[in-house]
Amino acid sequence: MSNFPDLSSHGFRVVRELGHNRAGGRVTYLAVPIPPLTSEGTLKEPVVIKQFQFAQSEAHWSDYDAIEREIQVLRDLNHPGIPRYLDSFQTETGFCLVQDYKKAASLAVRRSFDPAEIKQIAVSLLNILIYLQNRLPPISHRDIKPENILVDDELNVYLVDFGLAHIGGSDIAMSSVAKGTIGFIAPELLFNQQVSEASDLYGLGATLICLLTGIASTDISQLIDEDYRINFKHRVPRLSLRWIEWLQAMVELKPKDRFLDAETALEALNPIYVIRVPEVNLNVPCLEFTAKKLGEKITKKVILTNSVPDTVLESRWQIAPHLSDPPHTPDFHEWIYFEQTHFVSNQVLCKITVDTRKLMANKLYEREILIHSNSHPETQSLTLKLKTAPVPIPAKKLPYFSVGLLIFFAAAATWVETMAWDGIVRHSGTVGIAIAVFISVLVALLGLVAAITSGWISQGMAKVRSRFGVKVKALDTVAAVFFAGVAAIFVARFGAQFRATDMAIAAFAAVDAVVFMAAFEGEGVAQSCVQRGFSQWLASAVSVLSAALGISLGMALKIGVVNGMVLGAILGTGFPLATLILYPPLDRAKRIARYRKFERNLIKP
């Protein structure tokens, strides 16, 4: 047997209970009309029946007055956001009010709304209030709170329970006001002061704050301080500043500090972005450091800006953990330092210092700087790259190009000379041999003199280069060719007096030129080695062995490599030269390896 009241005589069948206030003797039911079908055969819509029960021991006639007041208010209202008044009647156990049924839960039922949806709810409620405030006489609801606001799945909003409504200038007993919910009642109503159009804005603002902060209406006291002010800003860090200011204006203690009416509040709300998160804009995509000396400290600046209006950027900086770094805290790192780690500003100048004293030389270090902020995403990163100073062991390289050039000249000179010897001996007999020997001796002496004096000539060429701004060292070679050509003319004329063949004269002239160039290049190789930091002994050895290897190769071109003496000459000069060429890099690698042993306790990349 059902405990629901029998309302069949009034044309309704109670389906279930929707809510109750036992202390006040009020119960709300869902009912369906009897008969359930219209004359056209369509199903009748269910209704809501609010019953005031006289028999309840704690019931008070002021609660009955509230139902009468609600009926008085609802009779003439016609708004889609207010359930329509249908009927009222008296039973043996109470008095009933019948309204449209809206399939929507109250905001007191915990649900999740995003800020944009909450703004949409606010706009709908303000439109309902505008309708009520534009009535003649205007109507004040005076009990706006989550329990009295219904929202369905499509965000349709309905305002219910007009039991404390204030019509025009009519007087309402203080006892009825006291039945409102603390935290949602405007302060002027608590002190029985004049009701204004700003009074309902307070309850609406408090309701929206509960939705945004996730606070239940019964726990709103958590947000109210001793001065009855609602403090909520710390719970909504992602809301735009303008919407926070709008909400604060809605719940100001004095009516004059709130918006004048619902229409003014709606005009202020419409252009406001509910969620405006700051942006993190960095002036550099990557932070790069390059140390020029060991143990150097380098400081660079990073500028972080936020260009989103109505927001304030809050950021905290830290170094991401790295396997090579010792354990560190968010506020301390072994070799990377921030002048300041916490910022609350839309333009941040952050100074970052790297200390290379604990790092290995000639290495590339990469670390991630994490920027935690109230932006989206909440954590972003900035790559820090550091190239440490070179190993304190200078890299010395032999003049490989000059060495190769010297070998080539010497080989070419030897090959030409052997060809000339062969031609003279074949065509001129004993006289040709004597001429060849004499010219060879003369060429050797001239080459020796050129080698001795080439330093002077090179110095003179250096002055010429400096004077005219010419930086090409080939001027020395040009000078060598010039002097070799002059010597070749004298040698050719000397050979002509002995009636040697034209081929012999031309051959020895070429030999003169090449030998002179080899002499100059050989001296140039030695000087270049000394200038690059090598000892005089190694410089001379490289120069002599390069010339000797070239002579051996030149002989091989004429006689052949299979000749034992020639092969021995090539190996005897090539192997020592190769050893001298490989010695500098190998020696440096050995010294670097020895240096790296001292870095074992340093932080690795």
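Which of the peptides 220-229, 72-81 is most tightly packed, and how do the rest follow, judged by the mean count of other Cβ atoms within 10 Å per residue?
Working: 220-229: 12.4, 72-81: 14.9.
The densest-packed peptide leads the list: 72-81, 220-229.
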### Query
What's the FRET efficiency of Phe598 with Glu279 using the Cβ-Cβ distance as r and R₀ = 45 Å, to the nearest 0.05?
0.45
### Query
Label-point separation (nm) for Thr290 and Lys254, each offset 7 Å from Cα along Cα-to-Cβ?
6.4
### Query
Each residue of region 370-376 in turn: what ³J(HN,Hα) in whole Hz from Karplus with 6.51, -1.76, 1.60 and θ = phi - 60°, glycine and Pro shown as x?
8, 10, 8, 8, 8, 8, 10
#### Entry: Those lysines that a straight Cα-Cα span of less than 19 Å connects to Lys233, excepting residues fewer than 8 apart in one chain
Lys119
### Query
With r defined as the distance between the Cβ atoms of Thr329 and Glu68 and R0 fixed at 56 Å, what FRET efficiency is calculated, to the nearest 0.05?
0.25
### Query
How far, in nm, would the chain grow between Asp225 and Glu378 when pulled straight, counting 0.36 nm per residue and subtracting the alpha carbon separation?
52.0 nm
### Task
List, in order, the whole-Hz ³J(HN,Hα) value for each residue of region 65-74 obtained from phi through the Karplus relation with A = 6.51, B = -1.76, C = 1.60 and θ = phi - 60°; use x for Gly and Pro.
4, 5, 5, 4, 5, 5, 4, 4, 6, 6
#### Entry: Per-residue ³J(HN,Hα) for region 82-88, Karplus 6.51 cos²θ - 1.76 cosθ + 1.60, θ = phi - 60°, Hz, x for Gly and Pro
10, x, 6, 6, 10, 6, 8
### Sequence-distant residues sharing a close amide H with Ser240 (under 5 Å, placed H)
Ile275, Arg276
### Query
Roughly what would the spin-label model give for Trp537 and Ile581, points 7 Å off Cα along C-beta, in nm?
2.3
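Where a number appears in this text, it was derived from the coordinates with a stated rule and is not lab data. Only a predicted model underlies this, so the values are computations on that prediction, with no experimental measurement involved. Heads up, the Cβs are rebuilt from the backbone with ideal geometry, glycines too, and the neighbour counts pull from every protein chain shown.
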